[in-house]
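Notes for the one structure printed next.
The numbers here are math on the coordinates, done by the rules we state, and not lab data. Since this is a predicted model, take the numbers as computed values, not measurements. Virtual Cβ from ideal backbone geometry, glycine too; neighbours counted across all protein chains shown.
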Amino acid sequence: MIALMRKVATGAVLLSVCAAVPQGSALSKATLRLVTPGPTRIYLTDATGAPVTPPGVPAYHKGDEHHFIAPGRLEVDLLPGRYRATAERGPEHRAVSADVALRSGEQRDLELAPERWADLNARGWYSADLHNHRTLEDTPTLLLAEDLNLATTLIDWVWEDSQRGRAPATSEPIRRVDARHAYSVLDKEVERLMEGPGAVNLLGLRSPVPFEGYRLFPPNTVFTEAARRQGGYVDAEKIVWRDIVALVALGQVDFAGIVYNHFNRHDVETETDMWGMIPKWRPEFETPAGMPLWAMEVYYHFLNCGFRLPASAGSASGVKAAPLGFCRVYARLDEPFSYDAWFRALRSGRSFATNGPLLFLTVDGQEPGATVKATAAKPLRVRVEARSLRPLERVEVIYRGRVVQTVRDFDASGTSPEFAFMPDTDGWLAARAFEPPGRTARFAHTSPVYVDRGSPASAAEDARFFLDWIDREVRLYRTSTAFRSEADRAAMLDMFTRARAVYERLAGGV
C-alpha cells in the first residue's frame, strides 16, 4: 500500500475508468484525462449540475457532498457535453475549477493543480482530523489528497446499544504512509445519544476497548479509564454532550471538540436537543452564526474552572456531508513529525481548531499551551495572525470568556497590530476567527495561553453553571425507566455525584 501511494503521489499511475456512458449507448464516448499533482479531491458535474463519479477510485456521496479522489492521472470516459471540474486539497491550497465541452470521440487533457498558498508544515504545524469514519483502505489516499497529516479511524463504533463496526485484527495499530502522514486503526467511538450520556472518542489505542452494555450503562468513565490505562486519549468530540460535565470534572477528557461535525461544506446542523445535547440558553445559538458560540461558551466555563483543555476538531467524514479534514486541528511540534509526537503536542495545548481560517496567537511571544507571568508593572503583548482563503468578518481575543479585542483589518501578512493587555487576575487568553456567516459557518479557535497574575480568579459563577447542568442530568436519570437494574442507575448517578463535589468546591461550598 505505501509503495503504491508513493507512485500515485508522483503521478506515475494512470487509471482508465468509464463514467456516464450507458451500456449500448448510441453516442460515442469522449475521454477526459484529468492530471493532478498527486491524489486530489475532485468535484465533477455535468451541464445540469448533477455529480459525475467514475468507478474504480475512492468516492464519497453523503447529503450534498459528492466527490472522488483523482490519483494523479485519471482517464474518465463521458458522454459528449459540458462539464465542470473543481479540485481541492484542504485549507492550505486554493481550489481551482475549469469548464470543458467534450465532443463525440474527443480526448481532452485537463490539468487541475490547486495552488499552495500556506505551508504550515514548514512552520512546524501539522493537521489532523480526530473524527474519521472512512475506510481503512481509503485513509492513506485521503490523507495525501486532503493535505492532512494525521487521522484517527473509528472503525470500532458503538451506536446506541449495538456495535456498528469492530476493531480490525492487527499488530500494527499506528501506521505511517510516509514521513509526514500517519493514521491509527484501533480508535473507538462510544456514541449513545438521546437519553444516553453522549459520545466520546477513544484515540491512539494500542488494543481494542470492548463494549458490554446498553444505552444507559455503563457510564462512559468505564471506557475512558480503559483508554487511559493503555496510554490512549479521550476526545470530547462535542463539548456539549450531557455527560461531558462529569467527565471533565473527573479528569477523563484530554481534548475539547470545538469545531465539530455539525459544520460541513454546505450548511450547519442546528438541531441538537433530540440527540441529547445540553439545552441552548440563547436564541442566537439556534442560528448557523450562533452555533459556534454555544460550544465556545461552554468551553470558556470549563477553562475558567481551571480545566486545561486543548481545542480539537473532527469532521465525521463517512457519516456527515464533509470530506476528511474539513474540520481539522493543527498542533505545533517541536520535534520531528510522528503520530505520538503529534498527540504530545496537542496534549500540551499547542493547537488551533478550524474549518477554514488559519489562526495563530502569541502572548509575550508564547504560543497556546504556555503559561506567561503577568505583573502590575508590565502589560502583556498580544499578537494575532489570521489568514483565510475567504474574507474574514472578525477576529477576537478572549480573556476569561469575554472579548477584549476585536480586529477587522489585517495587513497583507494576516498579522494584526500588537496590543497591550493588563489582566487583573489569573486566567487565560485565546483567539477566535469568523468568516462571514451564510448557509454554513467557517471559524477557528486557538487553545489558550494561560496567565499567571498571582491573583486567583473566582470560578463560582462558572461552577454554578455546571452544578445546574449536573442537577438537570441527575433528575433525568433518577426518573428514567430505561435502566435495566437499580445497580445500573446507581452507577450513572454516582459518576455525576462525584463530579458535583468538584464543582461544589469551586463554587465555594454551594
Placing +1 on each Lys and Arg Cβ and -1 on each Asp and Glu Cβ in the chain, then taking the dipole about the Cα centre, the residue among LEU74, SER458, PRO336 whose Cα reaches farthest towards the positive end is PRO336
With the label point 7 Å along the Cα-to-beta-carbon line of ASP334 and a cut-off under 16 Å to each amide N, the hits in the stretch 378-392 are none
The correct pair for the stretch 396-510, radius of gyration to one decimal and Dmax as a whole number, both in Å and from Cα atoms, is 20.6, 63
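Given +1 on the Cβ of Lys and Arg, -1 on the Cβ of Asp and Glu, and no further charges, what dipole in debye does the stretch 389-465 carry about its Cα centre, rounded to the nearest 20? The partial results should precede the final answer.
Numbers: 10 positive and 11 negative charges, 75 e Å.
With only Lys, Arg, Asp and Glu charged at Cβ, the dipole is about 360 debye.
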Set LYS238/LYS378; LYS29/LYS320; LYS238/LYS373; LYS280/LYS378; LYS188/LYS320, cut-off 29 Å on Cα-Cα distance; pairs above it are LYS238/LYS378; LYS29/LYS320; LYS238/LYS373; LYS280/LYS378
Along the stretch 418-430, Karplus-curve 3J(HN,Hα) (6.51, -1.76, 1.60; θ = phi - 60°) to the nearest Hz, with x for Gly and Pro, reads 5, 10, 9, 9, 10, x, 9, 9, 4, x, 7, 10, 9
In this structure, the FRET efficiency calculated for ARG180 and ASP468 from their beta-carbon separation, with R0 = 51 Å, to the nearest 0.05, is 0.65
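Please give the length that would be gained between ALA482 and LYS373 if that part of the chain were fully extended, namely 0.36 nm times their separation in residues minus their C-alpha to C-alpha distance (nm, one decimal).
Values: separation 109, 0.36 × 109 = 39.24 nm, distance 5.07 nm.
34.2 nm is the gain from fully extending ALA482 to LYS373.
What's the FRET efficiency of VAL35 with ASP64 using the Cβ-Cβ distance as r and R₀ = 22 Å, to the nearest 0.05? Present the calculation step by step, with values, prior to reporting the outcome.
Numbers: r = 27 Å, r/R0 = 1.23.
So the FRET efficiency works out to roughly 0.25.
Quickly estimate the mean residue ellipticity at 222 nm for the chain, helices only: each DSSP H run with n ≥ 4 gives -39500 (n - 2.57), and the total goes over all residues, rounded to 500. Could you put the intermediate results ahead of the total?
Numbers: 8 runs with 94 residues, N = 510.
Only helices count here, giving -5500 deg cm²/dmol.
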Between the alpha carbon centres of the stretch 80-119 and the stretch 233-303 the gap in Å comes to 36
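Pull out the extension gain between THR415 and THR170, defined as 0.36 nm times the separation in residues minus the alpha carbon to alpha carbon distance; nm, one decimal.
Values: separation 245, 0.36 × 245 = 88.20 nm, distance 4.61 nm.
Taking THR415 through THR170 to full extension adds about 83.6 nm, to one decimal.
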Distance in Å, no decimals, from the C-alpha centre of the stretch 450-510 to the one of the stretch 348-403 is 30
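For the residues TRP294, TRP159, what sequence is obtained by ranking on other C-beta atoms within 10 Å, fewest first? Don't skip to the end; give the middle numbers.
On the way: TRP294 23, TRP159 16.
In order of increasing Cβ crowding within 10 Å: TRP159, TRP294.
Taking the Cα centre of the stretch 463-506 as the origin, how large is its charge dipole in debye, to the nearest 20, when only Lys and Arg (+1) and Asp and Glu (-1) carry charge on their Cβ atoms?
Values: 9 positive and 7 negative charges, 13 e Å.
So the dipole magnitude of the stretch 463-506 works out to roughly 60 debye.
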About its Cα centre, the chain carries a charge dipole, from +1 on Lys and Arg Cβ atoms and -1 on Asp and Glu Cβ atoms, whose size in debye to the nearest 20 is 480
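What is the order of THR371, THR135, fewest Cβ neighbours within 10 Å to most? All intermediate terms of the calculation are to be shown ahead of the outcome.
Values: THR371 15, THR135 12.
Lowest count first: THR135, THR371.
At a Förster distance of 45 Å, what's the computed FRET efficiency of MET422 paired with ARG228, Cβ-Cβ distance as r, to 0.05? Walk me through the numbers before you get to the answer.
Details: r = 39 Å, r/R0 = 0.86.
With a Förster radius of 45 Å, E is 0.70.
Per-residue counts of other Cβ atoms within 10 Å, averaged by peptide: what ranking do you get for 238-250, 164-176, highest first?
Details: 238-250: 24.5, 164-176: 13.8.
Highest-to-lowest ranking by the protection proxy: 238-250, 164-176.
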Expected sort for LYS320, LYS373 with the fewest Cβ neighbours (10 Å cutoff) up front is LYS373, LYS320
